[in-house]
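The values are calculated or read from the model by the stated rules, or taken from the named source; none is laboratory data. Worth saying up front: this structure is predicted, and the values here are computed from it rather than measured. FYI the Cβ positions are ideal-geometry reconstructions off the backbone, even for glycines, and counts take in every protein chain you see. In case anyone asks, the SASA skips ligands and DNA or RNA and just uses the protein heavy atoms, side chains included. Shrake-Rupley method; radii C 1.70, N 1.55, O 1.52, S 1.80 Å.
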Amino acid sequence: MTKPLIGIVMGSDSDLGTMGEVAKTLDEFGVAYEMRIISAHRTPNAAAEYASEARERGLKIIIAGAGMSAHLAGVLAAYTTLPIISIPLRNPNHGHEALWSNIAMPPGITLATMPENGCKNAALYAVEILALADQTLATKYNSFRQKQSAKVVDKDTKLGKLGWQKYLDS
């Protein structure tokens, strides 16, 4: 088994359906990760321990997702100097509270905050960071970006040939 490089942490098992997208994307690139449920409020000691020991365990990045007041990423950032990528999880009943919690970090404790529910972007950002020191991963990521571009070009060509109404119908 490959040693995990990424820690995926969520505040509750209710976040798993969304945070699973991080794991799916990392799987596509062959990046090893571990996944945990740790609450900033209900298990603060576990959050502190997880973050403070992450570097010694070989993690390079932590991706944290939580909803509502979303303090998880900030708490983890307080206990480690590893990069923390934060995903504010949007709950329709709570507006944008998670996003506001993430972007209101005090100076000196950093978070790379993704869009609300931006799990794929969080995973891709982690891949970009790891690719700085891993040429194989950099090659995979470059190929991914080229394939994305090719898909857009193909869609544009199809739109030009069919026109917008037939394109939508196809």
I'd like to verify a number: residues in segment 74-123 that are open to solvent by less than 60 Å² (accessible area, probe 1.4 Å) and touching a residue at least 60 places away in the same chain (Cβ under 8 Å), how many? 6
Looking at segment 1-38, which of the residues that are in a helix (DSSP H, G or I) and open to solvent by less than 30 Å² (accessible area, probe 1.4 Å) is farthest from residue 125 (Cα to Cα)? 15
Yes/no for residue 162 being within 30 Å of residue 102 (Cβ to Cβ) and surrounded by fewer than 16 Cβ atoms within 10 Å (Cβ to Cβ): no
Under 9 Å between Cβ atoms, which residue pairs at least 6 apart in sequence (or on different chains) link something in segment 152-170 that is of a type outside the set (A, V, I, L, M, F, W, C) with a partner that is exposed (fewer than 10 other Cβ atoms within 10 Å of the Cβ)? 158/170; 167/161
If you go through segment 41-92 one residue at a time, how many are touching a His at 6+ places or on another chain (Cβ under 8 Å) and of a type in the set (Phe, Trp, Tyr)? 0
Is it the case, given these coordinates, that residue 99 is touching a helix residue (DSSP H, G or I) at 6+ places or on another chain (Cβ under 7 Å) and in a helix (DSSP H, G or I)? no
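So that you can scan it fast, the table gives a plain yes or no per residue for (1) modelled with pLDDT of 90 or more; (2) within 24 Å of residue 59 (Cα to Cα); (3) of a type in the set (Asp, Glu); (4) over 9 Å from the mean Cα position of the chain (by Cα):
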| residue | (1), (2), (3), (4) |
| --- | --- |
| 76 | yes, yes, no, yes |
| 83 | yes, yes, no, yes |
| 88 | yes, yes, no, yes |
| 104 | no, no, no, yes |
| 108 | yes, yes, no, yes |
| 114 | yes, yes, no, no |
| 118 | yes, yes, no, no |
Look through 160, 74, 65, 58 and report the one residue that is of a type outside the set (D, E, K, R) and part of a loop (DSSP other than H, G, I, E, B). 58
Could you tell me how many of the residues in segment 124-149 are free of Cβ contacts under 8 Å to residues at least 24 places away in the same chain, part of a helix (DSSP H, G or I) and open to solvent by 50 Å² or more (accessible area, probe 1.4 Å)? 10
